[in-house]
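*Asks:* Quick one: this structure, given as structure tokens, is what I'll be asking you about.
The values are calculated or read from the model by the stated rules, or taken from the named source; none is laboratory data. Remember, it's a predicted structure, so these values are computed and weren't measured experimentally. Glycine gets a Cβ as well: all are built from the backbone with ideal geometry, and neighbour counts include every protein chain shown.
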Amino acid sequence: MIRLAAVCLPALLLAGCLFPPEPMTTQAEEIRTLFLIIFGLGALVFVGVEGFLIYAVFRYRRRDDRLPAQHHGNTKVEIVWTIIPTVIVLILFVTSMFTLGSISARSDNPVVIEVEGFQWQWTFRYENGYAVTGNFIEPPVLVVPAGDPVRLKLISRDVIHSFFVPAFLIKVDVVPFGQGQAPNELEFTVTAPGTYRGQCAEFCGLLHASMTFTVQALAPADFDAWLAAAASATPTPAASVPPDLHVVELSADNIAFSVHELEVPAGEPFIVRFTNAEGVDHNVAIYDGTEILFTGTKVTGPDVTVDYLVDALDPGEYTFICDFHPIQAMTGTLMVR
Amino acid sequence: MSAQAPARRQGGFPIPLVGMLLFLSSEVMFFGGLFATYFSARASFAGPWGPPSGAEPLEILPIALPITLILVSSSFTMHAAVRAIRRGNSGALRLWLIVTLGLGLLFVSGQAYDYTVLGFGISDGVFGTVFYTLTGFHGAHVFGGVVGLSILTARAGQGQFSARNHVAVEAVSYYWHFVDLVWLALFSTLYFLR
Amino acid sequence: MATTTLAPGSKTYERSWVLDWLTTVDHKKIGVLYIVNAFAFFFFAGLLALVIRSELAVPGLQFVDESTFNQAFTMHGTLMIFLFVVPVFSGFANYVVPLMLGAPDMAFPRINALSFWMLPLGGLLIVSGYLVGGAAAGGWTGYNPLTQEQFSPGDGTDLWIMGLAVVGTASILGSVNFLTTIFKMRAPGMTLFRMPIFVWTVLVTQALILLATPVLTAGLIALFIDRNYGGSFFDPSVGGDPILWQHVFWFFGHPEVYIVILPALGVVSEILPVFSRKPLFGYKAFVWATIAIGLLSFSVWAHHMFTTGVVFLPFFTFMTALIAIPTGVKMFNWLATLWRGSLVFTTAMLFALGVMSMFLIGGISGVMLAAAPVDFHLQDTYFVVAHLHYVFFGGAAMGVFASAYYWFPKMTGRRLNEALGKVHFWMLFVGFNATFFVQHSLGIQGMPRRIADYSADAGWTEMNLISTAGAFLIAASMVPFVVNVITTLLNGEKVGDDPWEGNTLEWATTSPPPTYNFDRLPPIRSERPMFDLRHRDDPNLHPELAHAEIATIEADS
């Protein structure tokens, strides 16, 4: 018995983490209930079968050379232990279908947000035109109202991604359907304001692990206020470019910069003439350690050139990087002398 | 006499033919997979289904129907070869094998010629892709059958087959009929079902 | 009349040991070649697993970059499934099935050799990706459009496709061989329902290989055409359908997982009766359950696609849950075999019991995933990784080790050291559970799979550390195993024909058997001819023998 307890105790300690996170949408509450029912059935089966196995291992150890009774089978018993799993399976199926119907319900007037997944970040577009695109340093925030239904339209720009929020106990694949097939949708109603992590859950290539985002649920009035303010924020007007500025040239192709060292004079603004040769989004951003000094706007190629106007920098060594692809091949050193 | 290893049963369905039938069921699944991609692409295709604009629509003349008739008749000649050797007639076997082989070659050449006049390629959209993949792999299988028939012809020329000993001929004939059946399914699908 | 041995007594025909093994068509040598090749890939893919677990132990990228990591888990999965766990059982089956049937060899010995040699060729093609700028890195499932040319440039993916096509063709040829052998070369008296249960599981496994693998081949060819010839099968930007790839892949992929596990369940069904001294309880039920699993396996593939939004969820939830029934029947029959048995815990028996316990957990987690709404949360998380490792590793790989300890004496004439074997078992059992049980929790808490790194404030660090520690314990457990194999081959305890008091015909000949397998066979009246032979004078067992059928052809006597 002591051996049994020694085995069970660590298992029980781990069992605490075997329950899903606190469900934060009405749909998640239903999924959690179904999970608990099925987990309970599974735990019963586990205890029964494993229990008998452990019992048999002790009880039926060979003690002598006598041949045990040679039972070949028993039809009645076979029928019984075919029927019992069948019943369990039917319970599982019926409860699953009820839950499925319930979480698939569509409401009449949801807040519709377009979620575009691309290698390797997200863009969220609201009905009033406001859009936010995330990058590696600053993953985007999907602001939603708590208590009101939200419907996401999931669009992919390239490969299959998946929109996953663990606290919502749900994910839906973001599929680049061709031929006019309607994009996948995910509808949910958050139950309480708060901030919830999310990330891509369908392997989508090199920086799949970086494709994170956050969902921020605000009280409905706060949400309306936020949305109005976000839409009306005007972008800062492009400054006119003074002549005679130092220009450094840089291009990107095959997820790599053309050069990894740039040099500019200190104490004066300068231009980074950036050419994106391919159809993948890139930008150029400049950092001092983790401090963001300059973030260039996203450039979608192919064959698009922009002039980034960067404010004067003190002498030193800085890093320039592509926010969308913060990998070795898209990182370089900016020497300011 | 002390016990020896048990005597083997004589007769029963020959082992090489069991092997060939099993192999052919895997081929059914292979072509099944390709047909599945055809039907799936067809079902989800928005727009008119067929060769891309600029190329002519598929017609059964002057090539598709004739090569179908050629392949179907080659099944008859193949069967004639099998019947010949079941009667022990090695000479007739050789003759019918050569005729079948020739008809098979005619089919493959006809298919290849058709490719040059169709006016679209494998990279011309979904239809081009599935058309060439399906007919191409079928043609390759016919060619494989032609190779098998050539080997049989050579062996028959050396007198290796008799009425009691010709299971390779039977096996290749199963393969040949299978390849013919696949073509009939393909031909109907591409040219009639559309 | 004196019997003559058929093995040549003179040395007029002798060739080098190397040439012999390279050109052999003897199913026993080919079986050993399969097993050795499979273990080579097992250790390589295991190293890749250590790379993965080392990187994931704590947040941050310490050892490898994302590209190397993505290649590592792709190659780990591909090699473990296609080059280890499926071929190793083909190897054991190759060795053991003709013996169990009382046959002198497989039906097509030369095709048998061809099937084997295509394996290292295919495996090398797959691995050679590392030499040409990067191995395949699209996951072992190769989803589109990620594996299209524009998102996976370079030759690694093409080599992966070609290698898998070669391996797939090899297994199809193998399945033709196994099925023909089983149908046509059973010794007289061995009706289908007197075959050892392991042979039944091999039969169903090989039928699945025969029918499912060609679909994968078709899909791989289609992907190759997309990548290299401008095809439009799966690329939505030119009119193709990325979900079509998933349908084609999983239509193969789901039967594939039963191809992996069924032989292991068959081995357990051989080992339990021997070491409980009772027949397998419910032999016929077990056969029908195996056949049912085989048939049902073709009807559940889209449960891997629940989150794609295009699958008819009720049908696939129902059919997937249904497979639990025959699987449960098997489990209960095993328990009934142990019940009131006389159990002895050799290493082979320990591994068989390990298979039962671990497969139980894997099966339960699988049924949880069958419920579509629960799958919405758990799909593509570490819960699935835990599930698949409990069935693939806890189930199939432990079955591999059970087979190794059980049949090593037959193959080599020497028994593996039991003490070392038990050390191997317990280290592996503890290491395995430490590695993978926490992964259930990781998945439930929301950690996705196939990520090279994770955030420090996700709360996943401690569990990842435990998992990594377990992985290194698994690696360490291989040391006593390898040491055991080497020392036993060199100077291990020699055994005779039947060291375990086995039930089936492989124990009716020498260890190892002669080239032609059998001098003579005992009468075959049940699925346990050796047991019947040993107990032919036991008055209590006569009633069973009295009901046996008489063979239609009898040996001279």
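*Asks:* Kindly establish whether residue C:496 is crowded, with 21+ Cβ neighbours inside 10 Å and in a loop (DSSP other than H, G, I, E, B).
*Replies:* no
*Asks:* Take residue B:22 and tell me if it is at pLDDT 95 or above, buried (at least 19 other Cβ atoms within 10 Å of the Cβ) and either out of contact with any Ser or Thr (no Cβ under 7 Å at 6 or more places or on another chain) or acidic (Asp, Glu) (or both).
*Replies:* no
*Asks:* Where residues in region C:305-322 are surrounded by 24 or more Cβ atoms within 10 Å (Cβ to Cβ) and more than 9 Å from chain A (Cβ to nearest Cβ), which of them is farthest from residue C:268 (Cα to Cα)?
*Replies:* So the residue we want is C:306.
*Asks:* In addition: Within region B:90-107, is even one residue in a helix (DSSP H, G or I), within 14 Å of chain C (Cβ to nearest Cβ) and of a type outside the set (Phe, Trp, Tyr)?
*Replies:* no
*Asks:* Which one is farthest from the other protein chains (Cβ to nearest Cβ), of the residues in region C:485-527 that are over 28 Å from residue C:343 (Cβ atoms) and touching a Leu at 6+ places or on another chain (Cβ under 7 Å)?
*Replies:* Looking at the filtered set, the residue picked out is C:513.
*Asks:* For region C:201-237: of the residues being among the aromatic types (Phe, Trp, Tyr) and surrounded by fewer than 24 Cβ atoms within 10 Å (Cβ to Cβ), which is farthest from residue C:280 (Cα to Cα)?
*Replies:* Only one residue tops the list, namely C:229.
*Asks:* A follow-up question, please. State whether the residues of region A:44-57 include one that is surrounded by 13 or more Cβ atoms within 10 Å (Cβ to Cβ), in contact (Cβ under 8 Å) with a residue 24 or more places away in the chain and within 8 Å of another protein chain (Cβ to nearest Cβ).
*Replies:* Looking through region A:44-57, at least one residue is surrounded by 13 or more Cβ atoms within 10 Å (Cβ to Cβ), in contact (Cβ under 8 Å) with a residue 24 or more places away in the chain and within 8 Å of another protein chain (Cβ to nearest Cβ).
*Asks:* Among A:259, A:272, which is the only one that is over 31 Å from the mean Cα position of the chain (by Cα) and buried (at least 19 other Cβ atoms within 10 Å of the Cβ)?
*Replies:* Unique residue meeting the criteria: A:272.
*Asks:* Between a first residue in region C:127-146 that is facing chain A (nearest Cβ under 9 Å) and a second residue that is of a type in the set (Asp, Glu) and crowded, with 18+ Cβ neighbours inside 10 Å, which pairs have beta carbons less than 8 Å apart while being 6 or more apart in sequence or on different chains?
*Replies:* Here the result reads C:143/A:202; C:144/C:226; C:144/C:235; C:145/A:158; C:145/C:235, each pair linking region C:127-146 to a residue that is of a type in the set (Asp, Glu) and crowded, with 18+ Cβ neighbours inside 10 Å.
*Asks:* Let me ask another. Among helices (runs of 4 or more DSSP H) lying entirely in region C:298-407, which contain 1 or more residues that are over 28 Å from residue C:73 (Cβ atoms)?
*Replies:* Passing ranges, in order: C:313-338, C:347-370.
*Asks:* Answer yes if at least one residue in region A:222-230 is buried (at least 22 other Cβ atoms within 10 Å of the Cβ) and either modelled with pLDDT of 95 or more or over 23 Å from the mean Cα position of the chain (by Cα) (or both), and no otherwise.
*Replies:* no
One line per residue, one yes/no per condition, for (1) in contact (Cβ under 8 Å) with a residue 24 or more places away in the chain; (2) buried (at least 20 other Cβ atoms within 10 Å of the Cβ); (3) under 16 Å from residue C:371 (Cβ atoms):
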{"position": "A:78", "(1), (2), (3)": "no, yes, no"}
{"position": "A:89", "(1), (2), (3)": "no, yes, yes"}
{"position": "A:104", "(1), (2), (3)": "no, no, yes"}
{"position": "A:107", "(1), (2), (3)": "yes, no, no"}
{"position": "A:126", "(1), (2), (3)": "yes, no, no"}
{"position": "A:129", "(1), (2), (3)": "yes, no, no"}
{"position": "A:136", "(1), (2), (3)": "yes, no, no"}
{"position": "A:141", "(1), (2), (3)": "yes, no, no"}
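*Asks:* Among the listed residues C:159, C:192, identify the single one that is more than 9 Å from every other protein chain (Cβ to nearest Cβ), farther than 20 Å from residue B:22 by Cβ and over 16 Å from the mean Cα position of the chain (by Cα).
*Replies:* Of C:159, C:192, the one residue that is more than 9 Å from every other protein chain (Cβ to nearest Cβ), farther than 20 Å from residue B:22 by Cβ and over 16 Å from the mean Cα position of the chain (by Cα) is C:159.
*Asks:* How many of the residues in region C:521-542 are touching a helix residue (DSSP H, G or I) at 6+ places or on another chain (Cβ under 8 Å) and in a loop (DSSP other than H, G, I, E, B)?
*Replies:* Final tally of qualifying residues: 10.
*Asks:* Looking at residue C:384, is it within 12 Å of another protein chain (Cβ to nearest Cβ), among the β-branched types (Val, Ile, Thr) and in contact (Cβ under 8 Å) with a residue 12 or more places away in the chain?
*Replies:* yes
*Asks:* Could you check how many residues of region C:344-359 are surrounded by fewer than 22 Cβ atoms within 10 Å (Cβ to Cβ) and among the aliphatic types (A, V, I, L, M)?
*Replies:* Summing the residues that are surrounded by fewer than 22 Cβ atoms within 10 Å (Cβ to Cβ) and among the aliphatic types (A, V, I, L, M) in region C:344-359 gives 1.
*Asks:* Any residue that is crowded, with 22+ Cβ neighbours inside 10 Å, within 14 Å of another protein chain (Cβ to nearest Cβ) and small (Gly, Ala, Ser) - is there at least one of those in region C:414-432?
*Replies:* no
*Asks:* Do any residues in region A:184-207 that are within 18 Å of residue A:26 (Cβ to Cβ) have Cβ atoms under 8 Å from those of residues that are of a type in the set (Asp, Glu), where the two are at least six apart or on different chains, and which pairs are they?
*Replies:* A:189/A:148; A:191/A:29; A:193/A:222
*Asks:* Considering every residue within region C:262-270, establish whether at least one is more than 30 Å from residue C:358 (Cβ to Cβ), of a type in the set (Asp, Glu) and either within 10 Å of chain B (Cβ to nearest Cβ) or surrounded by 23 or more Cβ atoms within 10 Å (Cβ to Cβ) (or both).
*Replies:* There is no residue in region C:262-270 that is more than 30 Å from residue C:358 (Cβ to Cβ), of a type in the set (Asp, Glu) and either within 10 Å of chain B (Cβ to nearest Cβ) or surrounded by 23 or more Cβ atoms within 10 Å (Cβ to Cβ) (or both).
*Asks:* Is at least one residue of region B:58-75 at pLDDT 90 or above and under 30 Å from residue C:107 (Cα atoms)?
*Replies:* There is at least one residue in region B:58-75 that is at pLDDT 90 or above and under 30 Å from residue C:107 (Cα atoms).
*Asks:* Further question: Looking only at residues in region A:106-125 that are of a type in the set (S, T, N, Q) and in a strand (DSSP E or B), which one is nearest to the chain's Cα centre (by Cα)?
*Replies:* Within region A:106-125, the match that is nearest to the chain's Cα centre (by Cα) is A:121.
*Asks:* Filter region A:172-195 down to the residues that are facing chain C (nearest Cβ under 9 Å) and farther than 14 Å from residue A:115 by Cβ, then identify the one that is surrounded by the fewest Cβ atoms within 10 Å (Cβ to Cβ).
*Replies:* For region A:172-195, the residue satisfying everything is A:179.
*Asks:* Can you list the strands (runs of 3 or more DSSP E) found entirely within region A:126-205 that contain at least 3 residues being at pLDDT 95 or above and under 17 Å from the mean Cα position of the chain (by Cα)?
*Replies:* Here the list reads A:141-145, A:149-156, A:161-165, A:170-174, A:184-189, A:194-200.
*Asks:* Let me ask something else about it. Yes or no: region A:275-285 includes at least one residue that is among the hydroxyl-bearing types (Ser, Thr, Tyr), within 30 Å of residue C:150 (Cβ to Cβ) and not in a loop (DSSP other than H, G, I, E, B).
*Replies:* Yes, that holds for at least one residue.
*Asks:* Say whether the condition of being in contact with a helix residue (DSSP H, G or I) (Cβ under 8 Å, 6 or more places away or on another chain), within 14 Å of chain C (Cβ to nearest Cβ) and either buried (at least 18 other Cβ atoms within 10 Å of the Cβ) or closer than 22 Å to residue B:69 by Cβ (or both) is met by at least one residue in region B:146-164.
*Replies:* Within region B:146-164 (the criterion being in contact with a helix residue (DSSP H, G or I) (Cβ under 8 Å, 6 or more places away or on another chain), within 14 Å of chain C (Cβ to nearest Cβ) and either buried (at least 18 other Cβ atoms within 10 Å of the Cβ) or closer than 22 Å to residue B:69 by Cβ (or both)), the answer is no, since none of the residues qualifies.
*Asks:* Let me ask something additional. Here is a list: A:56, A:15. Which entry is at pLDDT below 95 and either closer than 30 Å to residue C:332 by Cβ or not assigned by TED's automatic domain parsing to the domain that holds residue A:173 (or both)?
*Replies:* Result: A:15 is the single residue among A:56, A:15 that is at pLDDT below 95 and either closer than 30 Å to residue C:332 by Cβ or not assigned by TED's automatic domain parsing to the domain that holds residue A:173 (or both).
*Asks:* Looking at the structure I just gave you, is residue A:82 assigned by TED's automatic domain parsing to the domain that holds residue A:149 and β-branched (Val, Ile, Thr)?
*Replies:* no
*Asks:* Could you check region A:292-323 and list, in sequence order, the residues that are hydrophobic (A, V, I, L, M, F, W, C) and closer than 19 Å to residue A:273 by Cβ?
*Replies:* Of everything in region A:292-323, those that are hydrophobic (A, V, I, L, M, F, W, C) and closer than 19 Å to residue A:273 by Cβ turn out to be A:293, A:294, A:299, A:304, A:306, A:309, A:310, A:312, A:313, A:320, A:321, A:322.
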